[in-house]
Structure formats: structure tokens, C-alpha cells
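Remarks on the structure that follows.
Taken together, the values in this text are just the output of simple stated rules run on the coordinates, not laboratory data. Predicted, not measured: the structure shown is a model, and the values here were computed from it. Note: ideal-geometry Cβ built from the backbone for every residue, glycine included; neighbour counts use all protein chains shown.
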Amino acid sequence: MSALSLVLAQTAGGVFAGVDPWILAFSMITVVVTIWMGFRSARTSKTASDFFVAGRSVSVGWNASAISGEYLSAASFMGVAGMVMSSGYDALWYPVCYACGYLFLLLFIAGPLRRFGAYTIPDFAEGRFDSPLFRKIAVCFVLFIGFFYTMPQMKGAGTTLAYIFPGLPYWVGVVAVGAVITLNVALGGMKGITLVQAFQYWMKMFAISVPVFVLMSVYGFYGAHLGANDGRALAAAKDAAPVVQTVERKPLVEKAPADTAWVSPFGPLTTKAAKAAGLSAEEARPYSLLYTYSLIIALVCGTAGLPHILVRFYTNPDGVAAKRTTMWVMILIGIFYVFPPVFGVLGRNLLPELYAATGAKGTDKVVLELPRAVGGVWGSVLSGITCAGAFAAFMSTFSGLLVSMTGALAHDVYGRMLKPHATAAERLRMFKIAAVAIGAVAIGLGCFVEPLEINFMVGQAFAIAAASYFPLLFMSVWWRGMTMTGAATGMLTGGLFALAAATLVNVSSLALDKGPMGKLFAGFAPMNEFWQHHPLLRILCEQPAIWTVPLAITLMIVVSKLTAAKVPDDVRMKMLVLHAPESLGLKNEYIQEHTAAGH
């Protein structure tokens, strides 16, 4: 026993040796407040309505803040800055398209989806086509998209904990944060996390903006830092004004991209496959354009197909409130996305040593590390604030994903397939069990993805959503000729192809890792040689949206035309429910059926 105690003491000493008390304090306050708010909100979560759709009573302001808090994940808070630093300005497509996707939601999906009235997207799938089989297919994609999206959140958790506790293994951070969030969701469901996520949006807004203003006041403004990386920009600025602020840049390390590539619209991100194949800059341009267009389609259409975001619109009182909520979400996240790229630009000049590291120690932690450049206590305080924001980022998004996936199992699988006559108490008990089970799987997956970039993984989750749920929702809402066979064929084909393509690229990338992940996935290493000889196939697998989304929509149209006799008999009434003003009293409320079933 004494030997074991000595080992534990030495381990604890190594973990806590380099801990900054200010960073630890701010991070712990965030976690404690999150848990406290979760427990407090859980007291008001009593019914199935509360757990699944927060009683359909969330106001526009609260819901817009909660959706923004849920949507601004580790990819937004940490990944955008890390990818701008590592890949340059072609990475800006991520924040631009993350925000633009809500325009699609606002124009085409938000209002009709809420008017149809359901707990989950699988509810919509079955109700629109009168097919319990379609519900089962739709549930599968809730889980596929959800698990792909939880992996980058877990990477953010592991990275942040490894930064706060320098001796802490990456996987310990994943397990610790995952357990806390799973507990919160199991206790309060959707109603329990709504207040938490709304609070976390404003915390993230404060945590990302204040350090940027302080850093620019100390080290120079954005334009000066950009000019340090682009001689043309600096020359133009000097011509325009005789006195121009300049910044002192640290020397770039060997792994850092050259200035000309970093500021290029076709930088390291979009030219990666072509460069690996040995193509010249001119030969690489068509491949870069293909990569860029596919990324735009994935992010814009994928936003309109994310189940954990779409289910939020069911918490609004009506369709008008859902559309107003979407408009405010566009404003809130648009303001937020101004700041992360600034971290990437400043980090290139002030922390170039991050280029030499990988995994939890690479550019994905620039948001956490950069504020310490201010120096002294204030540097620690600012870094503590960004760590608190990072906690809020991955905790709020993982909470939403967990509610979405748990709802699919507890409501769609258990309450609608396995035990249709389950009481409300039985469904709530299954919700808690499913939350723990899904949380455990998500934690396990998160432990494998340390070598992958956060934003890269999120982009793939968006591609799967774009090829599956987006065509389903868009076509089902706006085309009365859609049949269940056509919808299912298109969604299954597009979604599974996107899933398979993304998985192939991920396992081949993990095989290149120098650590334990490389050994685990060593069997896939030969694929990287294949990618070198076939850059076009590499791009089409890494960014599959450009062919999987048109494939899904085409199959839906063709198969629906071939099976036109199977169009639901009451399709005209369903289209009225989706599009008619709610004052006519036509909107559905699936919740009434479930409330009745629970008594």
C-alpha cells in the first residue's frame, strides 16, 4: 500500500507542478457554475416534455443564446484560430460558412419544421411519410453525425486539461470532462441544459473578445500583424500612410508554412493533396477549387442538417418564434466569428513554436496559450479567461449532442419502437440510462483522435449531415412528390458514402501519427501512398459533400418519380401544416400524444 501511495503522490506532484493558479481558478469556476446551474435547472425538469423539448416554452432571446452557445463548439472557439494559424487564410471558409448555414435554416427549414411539431428529426421523418421504418433509418444518422461531432469536442477537452495540468495525459481530460457533462444531461435533459448553454454563449463571447483587445493593445493591431506575414500588404499600408505600425515577429520554425502560402487563398489546407502528389502550383489550382467548393457545400448545407441544432427549434412556442430565433442566432454567431481568426494571425507571429508540436500541444491550443504573452499576472488571468471559454465551448456543444443522441435512443428507439406504450416515468428512466451509455461511447472515441485537427473533424461531421439530413428536410418540406422510398434511398446512399469516405481519410491520417495512435492504425498506412498517387480521390473522400449531396438529392427525385404511387395520401394536408400560417390552427403537436401516453 505504501508503494502505491508513493506512486500516486509522485504522479499528482508531476501533474500539479506547473499549474498556474489563475488558470486553474477560472476553469474550476466555469465547471462548478455549469454543474450548479445544471442541478438547479434539473429540479424543474419533471416531464417528458421538459427532457426532450424543454416544455416548448423557451423564449426567442434565451433560445437564440442557447443555440449559439451550443453551436459555438470547440471547433469555433479553438479550432478556427488553430486552423487559421496552421493553414492560413483559406481556413476562413470555416467561420464564414458556419454562420451562412443559418441563412438556409432561416429561409427554408426553421419555420416549417417547428410547425410540424415533433420531439426529434426521426419524429418528422415518420410523420411526414407515415413510415415507422423510416424512423429507424433516421435514428441511425442522428447517432452517426452525433458521434462524429463529439470527437472534436473531446479533443478540445483533452487539449484544455492537458494545458491547465502540464503533466496530465490527454485521455484523462477527455474522461473527466465527458463524465461531468454526461451527469448534467442525465439529470436535466433539454430543459436542464438550456439555461446553461445560454449563459455559456455570453461567457464565450467575453472570453474570446477581451483577450483579443488586450493583446492588440500590447502587440499591435490586426493589420500590422497581417502585414508582417505579407510584404505586399505592408508596402501598401506604408504607401497609404507614412507612419504605419509594425510588429516584431519571432522566427518561424521549419514546420510553419511559408508566408506566400499562408496568405494565399489556396493555402496549405486546400493544396495539401495536390502537393503530396508533387503537382505544381498551377496544376494544384483546380484541386484547390474543388476542395473549397466542397467545403462550402458541406458547411452551409451541413448546418441545416445537424440534428442537435434542429431539435432546438422544437423548443420554441411556434414557427414565427423559430424564424426570429434563427435570425438572432445569425447575428450572435456572426459577431463571435470576428475574433478567433485574430488569434490565429497573432499566434503565427508571437507563438510560432506551436507549429513544431502536434496533438494536444499544437496550434489548436493557440487560444489558450497566446494570452500569456501579455506577461505577469494579467497574462495568467487572460489565459484563465480563455480556458474558461474553452470549457464553456466543448461542454455546451457536447451537452446538446448528448441530448440529441439520447433523445433518439430513449424516445425513438425505446419509446416508439421497442415499447410504444411506455409510461412517462419509463421513458425518463431510459433517457438517463441512454445518456450514460452514449456519454461513455463518446468518451471512448474521443481518446483516439488526439492527432487530428478539431476543425477538420467537425467539417467531416457537417459533410455527413449535409449528405443525409439536409436533403431529407429540404426536399420533404418543399416537394410534395417525395416518397418514403425516394427519401430513404437518397439519405442512406448519400449519408453512408459520406460516412465511409470520411472514415477512410481519418484512419489513414491516424496511421501517420508518431505516437500510440500510429501503431494502432498502422494497418491503414499504405492508404497514404495511394492518396499521393490519386489526389483527386483524396479530396473527394476528405471533402465528400460536393458529390454526396447532389447524389442524395438526385436519387430522391429519381426514385420518388419511379414510386410516385407511394406518395402519402394526405400529403396536401401535411404541406399545409408545414407552410400555412399558424393562426389557422393546423400545426401538429406530437407532444400531446406522448403526454397522453404517459398517463
Legend entry - Computed lengthening from residue 29 to residue 320, 0.36 nm per intervening residue step minus Cα-Cα distance: 101.1 nm
Legend entry - Packing-based exposure ordering (other Cβ within 10 Å, fewest first) of 433, 164: 433, 164
Inset, instruction - Provide 183, 576, 428 in ascending order of the number of other Cβ atoms located within 10 Å of each residue's Cβ, fewest first. - result: 576, 183, 428
Inset, instruction - Measure up 250/519; 361/519; 323/574; 272/519; 155/432; 136/519 against 27 Å on the Cα-Cα distance and list the ones that go over. - result: 250/519; 136/519
Inset, instruction - List, in order, the whole-Hz ³J(HN,Hα) value for each residue of region 88-96 obtained from phi through the Karplus relation with A = 6.51, B = -1.76, C = 1.60 and θ = phi - 60°; use x for Gly and Pro. - result: x, 7, 6, 6, 5, 4, 4, x, 4
Legend entry - Whole-Hz couplings from phi, Karplus 6.51/-1.76/1.60, listed for region 504-510; x for Gly and Pro: 4, 5, 5, 5, 6, 5, 5
Inset, instruction - Quickly rank 85-94, 412-421, 525-534 as a protection proxy: mean count of other C-beta atoms within 10 Å, highest first. - result: 85-94, 412-421, 525-534
Legend entry - Ranked list, fewest to most other Cβ atoms within 10 Å of each Cβ, for 255, 275: 255, 275
Inset, instruction - Quick one: check the C-alpha center-to-center distance for region 21-38 versus region 398-456, whole angstrom. - result: 25
Inset, instruction - Starting from the coordinates of the alpha-carbon atoms of region 18-579, obtain the Kirkwood hydrodynamic radius over all distinct pairs and give the value in Å to one decimal. - result: 23.9
Inset, instruction - Could you check the simple spin-label distance between residue 478 and residue 525, using points 7 Å along Cα→Cβ, in nm with one decimal? - result: 4.9
Legend entry - Extension gain from residue 512 to residue 130, taking 0.36 nm per residue of separation minus the Cα-Cα distance: 132.8 nm
Inset, instruction - Please state, to two decimals, what the Cα-based radius of gyration of region 410-450 comes to when divided by 2.2 N^0.38 Å (N = residues). - result: 1.46
Legend entry - Hz values of 3J(HN,Hα) by residue in region 417-432 - Karplus curve (6.51, -1.76, 1.60), Gly and Pro given as x: 10, 6, 9, x, 9, 5, 6, 4, 5, 5, 5, 5, 5, 5, 4, 5
